[in-house]
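A short write-up of the structure that comes next.
Nothing in this text is a laboratory measurement; each read-out follows from the coordinates by a stated rule. The model shown is predicted, which means the values in this text are computed figures rather than measured ones. Heads up, the Cβs are rebuilt from the backbone with ideal geometry, glycines too, and the neighbour counts pull from every protein chain shown.
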Amino acid sequence: EKGGFEHFMLKEIFEQPGVMRDVMRGRVRLEENRVRLGGIEDYLDTIRGAERIVICACGTSWHAGLIGEYLIEEFARIPVEVDYASEFRYRNPIIGRGDVVIVISQSGETADTLAALRLAMQKGATVIGICNVVGSTIARETHCGMYTHAGPEIGVASTKAFTAQVIVLYLLALALSEGRTLPDHEIGLYLRELAAVPEKVERILAQNDVVMEIAQAYHQSRNCLYLGRGFNFPVALEGALKLKEISYIHAEGYPAAEMKHGPIALIDEDMPVVFIATRDTTYTKILSNIEEVRSRKGHVIVIASDGDEDIRRLADHVIHIPSAAGPVTPLLNVIPLQMLSYHIATLRGCNVDRPRNLAKSVTVE
Ligand code: M6R
């Protein structure tokens, strides 16, 4: 059942190229430069006309929501807020008709997300679901939605469901831009970038040995910091969550520029720092953040773009990632972080598929 892999988590990490193709199937219309999202067709105009969109979720799904915020604001220019479902439901949120609420949940059964959905409904909002489990409570109770089609996810640490959620949000953001904020040829360009992702992920997965070496160097660390910016700030949060939940190493994710507002105080020769530094608009800024860590003797692990050999000068370890347009980079950069947490956890002898104190689906608040 684990398809020859030692753990479900590893199997699910390696399934991602296939899952990504499944998520896109029928939805990405390259010849027409269009996106087709059958599940929300009847609501598309309502969503396009929304004054704002509120995304509610928990854990990894909340991280996907944050990437969704960056994507929808960038492509469709509709203001987006992202809230933890547990915070949204208990703070008398300002929400009503005219608002669109998107709930994201792999299981479709998370108690807080379900309660947020019911509250949003009561207040008259249009509620859209992004779920993996077909027929789950959240999928059933929303006005409309999109399935992530990632197949059953058994490992407690979410991997393939996350990348599938990000793809669905990417497609939604493009669908909301059609005829409004992006010309068709640009939509086509972004669709082609997305269609090229699965093969690039295969190339990243082939670097398992490089990641393993890094895991060997740091599996005894007690802390770890993850830094990224823009589309990849949520990826830093996700990398840190993956590490803490299965290896029990304390890890934090931050937007890289926030480092000097606090976390920099933690840096010493025992602190590994993972930088997401693929080439985009903030690349040079990240380089100076790396220098700051180095000058305090922190260990630097960098996720960099293919061809960026210069960066070796600044880093203890480099993982190279195929080049891609900024908006798709989260789908690539998260992969080595999933692999790194997996290898660190197994080297520490942890039960990666069933980490202590955690449930796959959190049905109590
Ligand atoms: O099923 P959901 O997507 O609603 O679950 C939300 C979180 O409980 C979940 O993402 C959790 O954080 C994972 N263990 C992360 O790997």
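How many residues are touching a strand residue (DSSP E or B) at 6+ places or on another chain (Cβ under 9 Å) and more than 23 Å from Q338 (Cα to Cα) when one looks only at the stretch 294-308? Here the count works out to 1. The residues of the stretch 221-236 that are surrounded by fewer than 21 Cβ atoms within 10 Å (Cβ to Cβ) and either under 10 Å from the mean Cα position of the chain (by Cα) or part of a loop (DSSP other than H, G, I, E, B) (or both), listed by number, are S221, R222. Within the stretch 306-321, the presence of at least one residue that is more than 22 Å from the chain's Cα centre (by Cα) and of a type in the set (V, I, T) is confirmed.
If only residues of the stretch 188-207 that are part of a helix (DSSP H, G or I) and small (G, A, S) are counted, the one that is farthest from P330 (Cα to Cα) is G188.
Away from the ligand (no atom under 14 Å from the Cβ) and over 20 Å from the mean Cα position of the chain (by Cα): is that true of G98 in this structure?
Working: away from the ligand (no atom under 14 Å from the Cβ): yes; over 20 Å from the mean Cα position of the chain (by Cα): yes.
For G98, the condition - away from the ligand (no atom under 14 Å from the Cβ) and over 20 Å from the mean Cα position of the chain (by Cα) - is met.
Which pairs turn up if I take residues in the stretch 43-65 that are among the polar types (S, T, N, Q) and look for partners that are more than 10 Å from the ligand (Cβ to nearest atom) with beta carbon separation below 6 Å, at least 6 apart in sequence or on another chain? Qualifying pairs under 6 Å: T46/T126.
On inspection, I154 qualifies as within 16 Å of the ligand (Cβ to nearest atom) and touching a residue at least 12 places away in the same chain (Cβ under 8 Å).
Return yes when A215 is buried (at least 22 other Cβ atoms within 10 Å of the Cβ) and either small (G, A, S) or part of a strand (DSSP E or B) (or both) and no when it is not. Step through it out loud before you land on a result.
Details: buried (at least 22 other Cβ atoms within 10 Å of the Cβ): no; either small (G, A, S) or part of a strand (DSSP E or B) (or both): yes.
No, not satisfied.
Exactly one residue out of I55, I102, I94 is surrounded by fewer than 22 Cβ atoms within 10 Å (Cβ to Cβ) and among the hydrophobic types (A, V, I, L, M, F, W, C), and it is I94. Under the condition of being under 21 Å from the mean Cα position of the chain (by Cα) and either surrounded by fewer than 24 Cβ atoms within 10 Å (Cβ to Cβ) or assigned to a helix (DSSP H, G or I) (or both), the residues counted in the stretch 118-133 number 1.
Within the stretch 129-136, is even one residue more than 11 Å from the ligand (Cβ to nearest atom) and within 22 Å of M24 (Cα to Cα)?
The first filter runs over the stretch 129-136 and keeps only residues more than 11 Å from the ligand (Cβ to nearest atom), leaving 134-135.
If we keep only those that are within 22 Å of M24 (Cα to Cα) as well, we get 134-135.
Among the residues of the stretch 129-136, at least one is more than 11 Å from the ligand (Cβ to nearest atom) and within 22 Å of M24 (Cα to Cα), which makes the answer yes.
Taking the condition on the phi < 0 side of the Ramachandran plot, in a loop (DSSP other than H, G, I, E, B) and either surrounded by 20 or more Cβ atoms within 10 Å (Cβ to Cβ) or of a type outside the set (F, W, Y) (or both), does A304 pass? No. Go through the stretch 256-281 and give me each residue that's among the hydroxyl-bearing types (S, T, Y) and either part of a helix (DSSP H, G or I) or buried (at least 20 other Cβ atoms within 10 Å of the Cβ) (or both). Result: T278, single match.
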